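Novice: Quick one: this structure, given as structure tokens, is what I'll be asking you about.
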Amino acid sequence: MSTSFQRVGRFSIGYNPREVDEFLARARTAYEGRDPGFSGADITSASFGTERGGYDMRVVDEALDRLSDAFALQARDDAIAEHGEQAWIAELTERAEVLKERLERPAGQRFAPGAAGEPSYDKGDVDALCDQLVAYFTEGLPMSVDDVRRAAFRRRKGEDGYREAVVDVYLDHVADVMASVP
């Protein structure tokens, strides 16, 4: 993966190039050297400072998505090599079942409500994506990991929406499971 990204204009805000380059160098070393201290979770939780004229955020985010997919596939290959394909399928099925349990909750009750006065995600928007995920997991509805990663929700305040951090972590887990399936 190249660590040279398109930059935004000098008056626009982008990611800090030094931070991005350092992170990607660490990720590359981990991927090539199988460093157990770095995982796909480090990619999904990565954040970078911003500066004028920095790297285009959209381009970097897309590269991070591809890197996350590569780590998920590597983890799958490692698990199959160590425990066999049947064990990997059983573990992936178990993870999908745990994720599906939340989806079976009634609309409006799938996630914790937002805290008073804090920004939250619109329940209807999140529930619509959850309904698509139910169809993906149970009926084989075609859906890509990018559909989950790129989902956007209207903002609400407090209990009118779902707590953002809880939804984000859940969707990261869904994306990880989806990325593990070739």
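Novice: Being out of contact with any His (no Cβ under 7 Å at 6 or more places or on another chain), touching a residue at least 12 places away in the same chain (Cβ under 8 Å) and assigned to a loop (DSSP other than H, G, I, E, B): is that true of Ala96 here?
Specialist: Criteria not met by Ala96.
Novice: Six or more apart or on different chains, Cβ atoms under 8 Å: show the pairs whose first residue is in the range 156-178 and closer than 9 Å to Ser120 by Cα and whose second is among the charged types (D, E, K, R) and part of a helix (DSSP H, G or I).
Specialist: From the range 156-178, the pairs are Arg156/Lys123; Asp160/Lys123; Gly161/Lys123; Tyr162/Lys123.
Novice: Any residue that is assigned to a helix (DSSP H, G or I) and of a type in the set (S, T, N, Q) - is there at least one of those in the range 59-73?
Specialist: Taking every residue of the range 59-73 in turn, at least one turns out to be assigned to a helix (DSSP H, G or I) and of a type in the set (S, T, N, Q).
Novice: When you scan the range 99-121, do you find a residue that is within 21 Å of Thr44 (Cα to Cα) and free of Cβ contacts under 8 Å to residues at least 12 places away in the same chain, even just one?
Specialist: No, every residue in the range 99-121 fails to be within 21 Å of Thr44 (Cα to Cα) and free of Cβ contacts under 8 Å to residues at least 12 places away in the same chain.
Novice: Continuing with this model, one more query. Looking at the range 99-117, which of its residues are outside any helix (DSSP H, G or I), in contact with a helix residue (DSSP H, G or I) (Cβ under 8 Å, 6 or more places away or on another chain) and either of a type in the set (Lys, Arg) or surrounded by 14 or more Cβ atoms within 10 Å (Cβ to Cβ) (or both)?
Specialist: Taking the range 99-117 and keeping what is outside any helix (DSSP H, G or I), we get 104-117.
Then keep just the ones that are in contact with a helix residue (DSSP H, G or I) (Cβ under 8 Å, 6 or more places away or on another chain); that gives 104, 107-108, 110-117.
Correct list: Arg110, Phe111, Pro113, Gly114.
Bear in mind that the values in this text are calculations on the coordinates, not laboratory data. Note that the structure is predicted; figures quoted are calculated from it, not measured. We place every Cβ from the backbone using ideal geometry, glycine too, and count neighbours over all the protein chains shown.
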